[in-house]
Amino acid sequence: MASISFLGTGSGVPSADRFFSSSLLLLEGRHLLIDAGEPCVHLLRDRGNVLAEIDEVLITHGHVDHIGGLPSFLQGCMLLGRTKELSVHLPEEMIAPIRAWIAALYLTEEGLGFTISWNAWKERVPVVLGNEITVTPWPNRHLKDCYHRLPCADPTRPCESFSLEIVSGDFRAIFTGDLSGACDIKPLVSKPPTVLVSELSHFGATELADVLAGATIHALCLVHLSEEYASDRSDLRLRLEELLPNVSDVFLPEDGEVLDF
Ligand SMILES: [Zn+2]
Ligand SMILES: [Zn+2]
């Protein structure tokens, strides 16, 4: 039994209706927070004691709409008396800046009341989380493509961004994170996932449908929608259902929605 709580389903564009990227996957009794966009700590506070229970934080990449809520998440855990150890998995290049940010915010890791282990993703190397859950980070070019377009961008920065494949027994979930194009996930969908949580702002529905053509997917959840798609969601859903007859269900979850698998 697995469930996904879609905390924030927005893109990087500010919105009154949709918050930045964050999802809570409950799988085999473990609580996995996938991305920590703002205001995830507030949204998690509404869900019972879950702030004390989260086992792992899995960060796809260092854009602010995916990681910007992490310091307030940690401070919130501290203020609510969390004691359980927390594992944070993230791109290696983000570890030192995030730890410096925590220090800059007048917090100390020793003063949080719980231990944090900082774990760097290694491309395509599965991480065993316990309860026979594995997470494999699949690299993509999203961050490179976005960052290198900026004036004065440092060409030596690694720009690591990942899609995450999370497996437990027959259950297989893919969280795309942000992508440079739909083709980034081609190697991930050659074996059918139970659930594919895909962004849809850096490419179009037709491009996604081309990549997914013929793939048998139990549930396709579309998040991080572009402004254009977010304004006409029912049309988008109908279009993808037509284009993808092998996908059992197409969901466009709202913030706060929970889906069981
Ligand atoms: Zn994003
Ligand atoms: Zn991004």
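Any read-out appearing in this document is the output of simple, stated calculations on the displayed coordinates, not a laboratory observation. Here the structure is a predicted model, which is why all the values come from computation and not from measurement. FYI the Cβ positions are ideal-geometry reconstructions off the backbone, even for glycines, and counts take in every protein chain you see.
Each listed q (0.08, 0.11, 0.13 Å⁻¹) maps to a log10 I(q)/I(0) for the stretch 2-260 from the Debye sum over equal C-alpha point scatterers, namely -0.29, -0.57, -0.80. Calculated mean residue ellipticity at 222 nm for the chain: -6500 deg cm²/dmol, from DSSP H runs with n ≥ 4 weighted as -39500 (n - 2.57), summed, divided by the residue count and rounded to 500. Between 237, 124, 47, the Gaussian network model of the chain with springs among Cα atoms under 10 angstrom shows the greatest mean-square fluctuation at 47. Of 36, 205, 96, the residue with the greatest mean-square motion in the GNM of the chain, using alpha carbon springs below 10 Å, is 96. Across the stretch 33-138, Cα-Cα pairs more than 18 Å apart make up 47 percent of the total.
Stokes-Einstein diffusion coefficient for the stretch 214-261 at 25 °C in a medium of 0.890 mPa s, Rh from the Kirkwood formula over Cα pairs: what value in µm²/s?
214 µm²/s
Label-to-label distance, residue 1 versus residue 141, with points set 7 angstrom from Cα along the beta-carbon direction: 4.4 nm.
Sequence-distant contacts, meaning Cα pairs under 8 Å at least 6 residues apart, place the relative contact order of the chain at 17 percent.
With all distinct Cα pairs included, what does the Kirkwood hydrodynamic radius of the stretch 176-261 come out to in Å, to one decimal, could you say?
12.9 Å
Note on residue 17 and residue 103: the model spin-label points, each 7 Å out from Cα along the C-beta direction, lie 4.3 nm apart.
Bridging of residue 191 to lysines at a Cα separation below 22 Å is possible for 122, once same-chain residues fewer than 8 apart are set aside. Modelled label positions at residue 110 and residue 213, each set 7 Å beyond Cα in the direction of Cβ, lie 6.0 nm from each other.
The stretch 180-195 and the stretch 202-241 have their alpha-carbon centroids 13 Å apart. For the chain, which longest stretch is free of loop sites, where a loop site is one of the GluC sites (Glu not before Pro) that DSSP puts outside H, G, I, E and B and that has at most 13 other Cβ atoms within 10 Å? By the stated rule (loop sites, at most 13 other Cβ atoms within 10 Å), 133-253.
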